[in-house]
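Read the figures in this text as sums done on the coordinates, not as results from a lab. Please read these numbers as outputs of a predicted model, since none were measured by experiment. Reconstructed Cβ throughout: ideal geometry from the backbone, glycine too, with neighbour counts over all protein chains shown.
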Amino acid sequence: MTDSCIFCKIISGEAKATVVYRDEQVIAFRDIHPVAPTHILIVPNKHVESVSTLESEDEPLIGHLFTVASQLANEEGISKGGYRLITNTGVDGGQTVPHLHLHLIGGRRMRYPMG
Ligand code: AMP
C-alpha cells in the first residue's frame with residue numbers, strides 16, 4: 001500500500017471504482033476513461049510499480065493476472081472476437097499510474113500498428 005497511489009486507494013476501498021472482480025491477489029475494475037466498449041484494468045493487490053520492478057517471486061502473480069483477464073474476457077463476451085492486453089511501462093511506455101496493471105480492451109476491432 002502506497003498512500004498516494006490511486007489504485008492502492010481503490011484496493012483498500014478508500015476510492016470508488018466499478019469493480020468487476022476481486023480475489024486475494026488481484027482486483028479488476030472498469031477504466032474511468034474507456035477507449036473501447038470493454039476496458040477493464042486488472043491490478044495486483046500488492047503495490048508493484050511496473051514490469052521494470054518485478055521480482056522472480058512475482059511470476060505466479062503475473063500468470064494470475066492473465067488468467068483473470070481471460071476469465072473476464074469470457075464474461076464480457078469478447079473472447080471469440082478477440083481483444084488486446086496492454087501493460088504500459090514507464091514514461092516512454094505511456095504509463096500514467098505507477099502501479100502495475102493490465103488493460104483488457106475489446107468489443108471493437110483494434111487498430112494496428114501500435115504506437
Ligand atoms: P496507464 O496510462 O497505462 O498507466 O493506465 C492508467 C489507466 O488508469 C488510464 O487508462 C486511466 O484512465 C485509468 N485510471 C486512472 N484513474 C482511475 C480511476 N480512479 N478509476 C479507474 N481508472 C482510472
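Before moving on, here are some points about what is shown:
- Gaussian network model of the chain, Cα within-10 Å springs - most flexible of Leu61, Leu41, Leu100: Leu61
- Mean Cβ count within 10 Å, highest first, over the residues of peptides 51-60, 76-85: 76-85, 51-60
- In this label model, Glu14 and Val51 are separated by 2.9 nm, measuring between points 7 Å along each Cα→Cβ vector.
- Its Cα centre serving as origin, the chain has a Cβ charge dipole (Lys and Arg +1, Asp and Glu -1) of approximately 720 debye.
- Note on the chain: Rg/Rh from C-alpha atoms, Kirkwood Rh, equals 0.94.
- For region 1-37 and region 54-71, distance of Cα centres in Å: 17 Å
- Phi angles across region 9-20 convert, under the Karplus curve 6.51 cos²θ - 1.76 cosθ + 1.60 with θ = phi - 60°, into 3J(HN,Hα) values of 5, 5, 4, 7, x, 5, 10, 7, 7, 8, 7, 10 Hz, Gly and Pro given as x.
- For q = 0.14, 0.18 Å⁻¹, Debye-computed log10 I/I(0) when each Cα of region 1-64 counts as one equal scatterer: -0.43, -0.70
- With helices as the sole contributors, the chain gives -7000 deg cm²/dmol at 222 nm; each DSSP H run of n ≥ 4 counts as -39500 (n - 2.57), and the sum is divided by every residue.
- Counting only alpha carbon atoms, the long axis of helix 59-76 and the longest principal axis of the chain meet at about 40°.
- Dipole of the chain, positive direction: furthest Cα of Pro98, Gln25, Gln71, with charges on the beta-carbon: Gln71
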